[in-house]
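For reference, the structure discussed in these notes is given below.
The values are calculated or read from the model by the stated rules, or taken from the named source; none is laboratory data. Because the structure is predicted, anything quoted here is derived from the model rather than measured. Quick reminder, even Gly has a Cβ in these numbers, built from the backbone with ideal geometry, and neighbours come from all protein chains shown. Quick note on the areas: whole protein, heavy atoms, side chains included, nothing else; ligands and nucleic acids left out. Shrake-Rupley method; radii C 1.70, N 1.55, O 1.52, S 1.80 Å.
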Amino acid sequence: MELILSHQRTSSAKSTGGTAQPIVYVVDDDASVRQALARLFRSVQMAVEAFASAQEFLAKGRPDIPSCLVLDVRLPGLSGFDFQAE
């Protein structure tokens, strides 16, 4: 399994003093990997949203809060590397 980790802190979150709960986004086409990662992050009280594809992730609106993206590089359609380049 190859993954890309990306961290984002938005200007809005900085202005609120970082009080918004950060979220981890998991994008992986393998349901068992997606579920295992989501369980792992939730086990340490982190908010998690999981997606089966980069397109699914892009189609969903996201709040303007600190976040981290755990991205599989080998996705069907838009690969993790292509998604990161965009």
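Table for the structure above
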| read-out | value |
| --- | --- |
| Positions within segment 34-56 being aliphatic (A, V, I, L, M) and within 16 Å of residue 66 (Cβ to Cβ), in sequence order | 44, 46, 47, 48 |
| Boolean, residue 38 is part of a helix (DSSP H, G or I), surrounded by 15 or more Cβ atoms within 10 Å (Cβ to Cβ) and at pLDDT below 90 | no |
| Candidate set: segment 48-78, residues that are free of Cβ contacts under 8 Å to residues at least 12 places away in the same chain and not in a helix (DSSP H, G or I); chosen: the one surrounded by the most Cβ atoms within 10 Å (Cβ to Cβ) | 60 |
| Condition check for residue 45: at pLDDT below 90, open to solvent by 50 Å² or more (accessible area, probe 1.4 Å) and either part of a helix (DSSP H, G or I) or not basic (Lys, Arg) (or both) | no |
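Each row is one residue, and each column tells you yes or no for (1) touching a helix residue (DSSP H, G or I) at 6+ places or on another chain (Cβ under 7 Å); (2) modelled with pLDDT of 95 or more.
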| residue | (1), (2) |
| --- | --- |
| 10 | no, no |
| 26 | yes, yes |
| 29 | no, yes |
| 77 | yes, no |
| 81 | no, no |
